[in-house]
Amino acid sequence: MDFNLTEERQMLQDTLRRFLSERYTTTERNAIIDSDTGLSTEIWGELAELGVIGALFTEDQGGFGGAGFDISTVFEELGRAGVVEPFLDTAILGGGLIAALGNDAQQGFVEDVIGGSLHLALAHGEPASRYDLSRVETTAKADGDDIVIEGRKAVVINAEAAGYLIVSAREGGGPFSLDGISLFLVPAEASGLTMQGYPMMSGGRAAEVTLDNVRVSASARLGAEGAGFQALTDVVARANVALAAEAMGAMESATELTREYLMTRKQFGRPIGTFQALAHRFSDLLIELEQARSAVTNAAGHLDSDDRDRQIAAARNLIARTGRLVAEEAIQMHGGIAMTQEYELAHIAKRIVMTDHRFGDADYHLERFIGLSAA
Amino acid sequence: MDLSYTQEELAFRDEVRTFLEEKLPKDMSDKIRRGEHIGKEGHELWHSILNEKGWLSYGWPKEFGGAEWNAVQRHIFEDECAAAYAPRIVPFGLSMLAPVLQKFGSKAQQDHYLPRILDGTNWWCQGYSEPGAGSDLASLKTRAVRDGDHYVVNGQKTWTTLGQYADWIFCLVRTDPDAKQQEGISFLLIDMNTPGIDVRPIILLDGTPEVNEVFFDNVRVPVENLVGEENKGWTYAKYLLTHERTGIAGVGFSRAGLDAVKRVARQESANGRPLIENPHFAARLAQVEIDLMAMSTTNLRIISQATAGQAPGVESSMLKVKGTIIRQEINDLARRAVGPYAMPFASEAVEGDNDPIGPDYAGPVAAQYFNNRKLSIFGGSNEIQRGIIAKVKMGG
């Protein structure tokens, strides 16, 4: 048994942590959040150069990592610094789907993603789909050599920055069937594709995407007709490892900020951390943080195992519960200061809590865990 | 024991309901229901509507022109207002400063300030907390030094809610730095237009400019603006903090919030079924409702004692702790209920002329969840309340 990171991953962690602590300050990050694009192309480029995106792909795909622990190492650090840039959307989801399904021509995009020159977005969720991955009502119909796509996609993160959207659409089956879902690489400027963009609660931007008679060539299809669901499930599993690790990294920051504050802030003539009522509550956060760390380890370590989905459901459920506790208790123990936008914890707490709303909250993953355990 | 309202109380409730149906502007209650802000004009309009009816001063004694409702009537009114999505009454002048002036102010101060609170001439804000004096309020450092017939005030206040709208601020200031902490504090009324005052907004984590920092740089305040005696300010501040507060449990807000979550959960679907039928969500919802039912009765028990003349003591602290936990739990459920549509940041979606992002009920829920973390922090944090409960009940 060995719970240490490999030498390569340790180097990646050290490099990333050093870069982000120097460059991704609270002030810098808050300016990025307030900007029109909601992301920094400069930071993106530098992180790509450091190999952060390459670490999320296997050697076959042109990267140098791609395993569960590569994902968790990178995203823990992104979470610790509260990074809002769309690594999940462009690399894990978008790049991951192309790497898994793309033909030779399409695989070229993976290189662009790893190099940092191309952004992607997964346009899958719809206004009524909530967290249900199989609920797709957008349709794709053949018209000669073309495919015509019609539908609406909800909260498409990173849509505005993306060169291509990976759009899921039905070529068969009812609204909940696992079969019949196809994936298409749709250029962002495709005629008939419109976006209503907006900022998100915890930074970054998303858009409501309308596909009105969008015409693409049949060669825009990723993988086989109607067979996209398995690949979607696979990249979402990787995304869930990333999200769990990111939230855990943010929880580390939240507890560290709280520790510093408790030992610095004086009321009634002494550091408030010396009041036992607060010291015990802080200890509970540390205990839960270790639980969270182990849950991420479980999920990352089982990414390629038969028990993958159950382990991931467990991790996301545990992270959702402990994350909320850490975020809320960290704010409460700070008091008013943590309620202000310019204080680091405010952003970190939002990152933790809003993780709930991507690919399922505590209840969704609890239900999945129960279902998978019974099977 | 009788858990129902008397005939008179029921008649009063109907009167309140009718009034709200007739006089509460629809666009205003719609905004409150959607979690939007109504701005200074909105609050002033609602105050003037209530004042016209004589209900703005419902907690004031008759001798000051108040309606002098008892605790049950106040509770009914506050409950009905919350259920009808009426704006909350801005408390700083009406229920924080006014009781202090009525008890400790001079006749001249009462005659001058009280009518201006009612007719909206003056918008008051509260100058208590300081950067170094939060839970430990008595350690405040803002200095007031006597100079002829003025005090010269220097220092800083913070978390000043809606201070950006205020014409006046009531402040705790240190007038005797050598006395024991609580004994050197005075209660001053300060015109916000006095030279040397600088108000700077603090943006909260949900993006709202709700609170402010107020800086005082050699601000000259006439001595007649001192309330009561010099160095007795702590007594007045404590009176204000322990002044009977029937609304502290927020039962009406919780009930309205819970109804809103249920409405949303009927419209949202999970796995093709209404979310409200999802056993996990339904269980969470039921647990909060069970807690709320019990707390509502605790609240009424205490109100009933108060009506019988017993001043509530630590019960206020208990209601504050439980009430805020319940409200925050409801905010959490509201956030979960809307799923991915909690992610859009509402201010643009709600305040702009754009189409709403997702269903209209989704816009403000995440912002409200984060904003209402304040409930357990301000007005004496829940830790301070627990300290009070332990101190009183454990006899230590």
Checklist entry - Quick check: is even one residue across segment B:48-56 over 20 Å from the mean Cα position of the chain (by Cα), at pLDDT 90 or above and of a type outside the set (Gly, Ala, Ser)? => result yes
Item to check | Scan of segment B:143-164 for residues that are among the aromatic types (Phe, Trp, Tyr) and within 12 Å of residue B:219 (Cα to Cα), ordered by number | outcome: B:151
Checklist outcome for this item: Scanning segment A:197-218 residue by residue, those touching a Ser or Thr at 6+ places or on another chain (Cβ under 8 Å) and either among the hydroxyl-bearing types (Ser, Thr, Tyr) or within 14 Å of another protein chain (Cβ to nearest Cβ) (or both) turn out to be A:205, A:209, A:210
Checklist outcome for this item: Restricting segment A:249-272 to residues that are of a type in the set (Gly, Ala, Ser) and surrounded by 19 or more Cβ atoms within 10 Å (Cβ to Cβ), the one farthest from the other protein chains (Cβ to nearest Cβ) turns out to be A:249
Next on the checklist: Just checking, does segment B:146-156 include any residue being away from every other protein chain (no Cβ under 14 Å) and without any contact (Cβ under 8 Å) to a residue 12 or more places away in the chain?
Outcome noted: yes
Checklist entry - Any residue at all in segment B:110-131 that is farther than 17 Å from residue B:235 by Cα, within 14 Å of chain A (Cβ to nearest Cβ) and either buried (at least 16 other Cβ atoms within 10 Å of the Cβ) or aromatic (Phe, Trp, Tyr) (or both)? => result yes
Next on the checklist: Residues that are without any contact (Cβ under 8 Å) to a residue 40 or more places away in the chain, at least 3 per element: which strands (runs of 3 or more DSSP E) completely within segment A:154-270 meet that?
Outcome noted: A:193-199
Item to check | Among the residues listed as A:123, A:140, A:105, the single one being surrounded by 20 or more Cβ atoms within 10 Å (Cβ to Cβ), more than 12 Å from every other protein chain (Cβ to nearest Cβ) and under 22 Å from residue A:53 (Cβ atoms) | outcome: A:123
Checklist entry - How many residues are within 11 Å of chain A (Cβ to nearest Cβ) and of a type outside the set (Phe, Trp, Tyr) if we restrict to segment B:369-396? => result 14
Item to check | All helices (runs of 4 or more DSSP H) inside segment A:298-375 with 2 or more residues being in contact (Cβ under 8 Å) with a residue 24 or more places away in the chain and more than 14 Å from chain B (Cβ to nearest Cβ) | outcome: A:308-334, A:362-374
Item to check | Hey, residue A:58 hydroxyl-bearing (Ser, Thr, Tyr) and surrounded by fewer than 19 Cβ atoms within 10 Å (Cβ to Cβ) or not | outcome: yes
Item to check | residue A:160 outside the structural domain of residue A:135 (by TED's automatic domain parsing), among the acidic types (Asp, Glu) and more than 18 Å from residue A:97 (Cα to Cα) | outcome: no
Checklist outcome for this item: Going through segment A:28-57 in order, the residues found to be without any contact (Cβ under 8 Å) to a residue 12 or more places away in the chain and among the hydroxyl-bearing types (Ser, Thr, Tyr) are A:35, A:41
Next on the checklist: So for segment B:23-31 (the condition being surrounded by fewer than 20 Cβ atoms within 10 Å (Cβ to Cβ), farther than 26 Å from residue B:264 by Cα and outside the structural domain of residue B:363 (by TED's automatic domain parsing)), does at least one residue qualify?
Outcome noted: yes
Item to check | Restricting segment A:286-297 to residues that are touching a residue at least 12 places away in the same chain (Cβ under 8 Å) and hydrophobic (A, V, I, L, M, F, W, C), the residue that is surrounded by the most Cβ atoms within 10 Å (Cβ to Cβ) | outcome: A:296
Next on the checklist: Quick check on residue A:319: is it crowded, with 19+ Cβ neighbours inside 10 Å and either of a type outside the set (Phe, Trp, Tyr) or not assigned by TED's automatic domain parsing to the domain that holds residue A:66 (or both)?
Outcome noted: yes
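Residue by residue, here is whether (1) touching a helix residue (DSSP H, G or I) at 6+ places or on another chain (Cβ under 9 Å); (2) farther than 30 Å from residue A:219 by Cβ; (3) of a type outside the set (Lys, Arg) holds:
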site: A:30; (1), (2), (3): yes, yes, yes
site: A:36; (1), (2), (3): no, yes, yes
site: A:54; (1), (2), (3): yes, no, yes
site: A:78; (1), (2), (3): yes, yes, yes
site: A:87; (1), (2), (3): yes, no, yes
site: A:93; (1), (2), (3): yes, no, yes
site: A:104; (1), (2), (3): no, no, yes
Item to check | Members of segment B:358-385 found to be over 20 Å from the mean Cα position of the chain (by Cα) and at negative phi, listed by number | outcome: B:359, B:360, B:361, B:362, B:363, B:366
Next on the checklist: Yes or no: segment B:11-18 includes at least one residue that is free of Cβ contacts under 8 Å to residues at least 12 places away in the same chain, assigned to a helix (DSSP H, G or I) and among the aliphatic types (A, V, I, L, M).
Outcome noted: yes
Next on the checklist: As an exercise: evaluate residue A:185 against (1) away from every other protein chain (no Cβ under 13 Å); (2) surrounded by fewer than 22 Cβ atoms within 10 Å (Cβ to Cβ); (3) not hydroxyl-bearing (Ser, Thr, Tyr) and give the number of the one condition it does not meet.
Outcome noted: (2)
Checklist entry - Within segment B:292-302, is even one residue modelled with pLDDT of 95 or more and either surrounded by fewer than 20 Cβ atoms within 10 Å (Cβ to Cβ) or closer than 29 Å to residue A:133 by Cα (or both)? => result yes
Checklist outcome for this item: Inside segment B:192-221, the number of residues satisfying the requirement of being more than 14 Å from chain A (Cβ to nearest Cβ) and either in contact with a Pro (Cβ under 9 Å, 6 or more places away or on another chain) or hydrophobic (A, V, I, L, M, F, W, C) (or both) is 11
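Condition check ((1) assigned to a helix (DSSP H, G or I); (2) within 30 Å of residue B:106 (Cβ to Cβ)) across all residues:
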| site | (1), (2) |
| --- | --- |
| B:188 | no, yes |
| B:214 | no, yes |
| B:219 | no, yes |
| B:224 | yes, yes |
| B:231 | no, yes |
| B:247 | yes, yes |
| B:259 | yes, no |
Checklist outcome for this item: segment B:49-140: helices (runs of 4 or more DSSP H) wholly inside it with 3 or more residues that are within 27 Å of residue B:216 (Cα to Cα) and not assigned by TED's automatic domain parsing to the domain that holds residue B:199 are B:98-104, B:107-118
Next on the checklist: residue B:31 - would you say it is within 23 Å of residue B:166 (Cα to Cα), without any contact (Cβ under 8 Å) to a residue 60 or more places away in the chain and in a helix (DSSP H, G or I)?
Outcome noted: yes
Checklist outcome for this item: Of those in segment A:17-64 that are of a type in the set (A, V, I, L, M) and in a loop (DSSP other than H, G, I, E, B), the residue nearest to residue A:345 (Cα to Cα) is A:39
Checklist outcome for this item: Of A:323, A:360, A:301, A:371, the only residue that is of a type outside the set (A, V, I, L, M) and within 14 Å of residue A:255 (Cα to Cα) is A:323
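The values are calculated or read from the model by the stated rules, or taken from the named source; none is laboratory data. Note that the structure is predicted; figures quoted are calculated from it, not measured. So basically every Cβ, Gly included, is an ideal-geometry build from the backbone, and we count neighbours across all protein chains shown.
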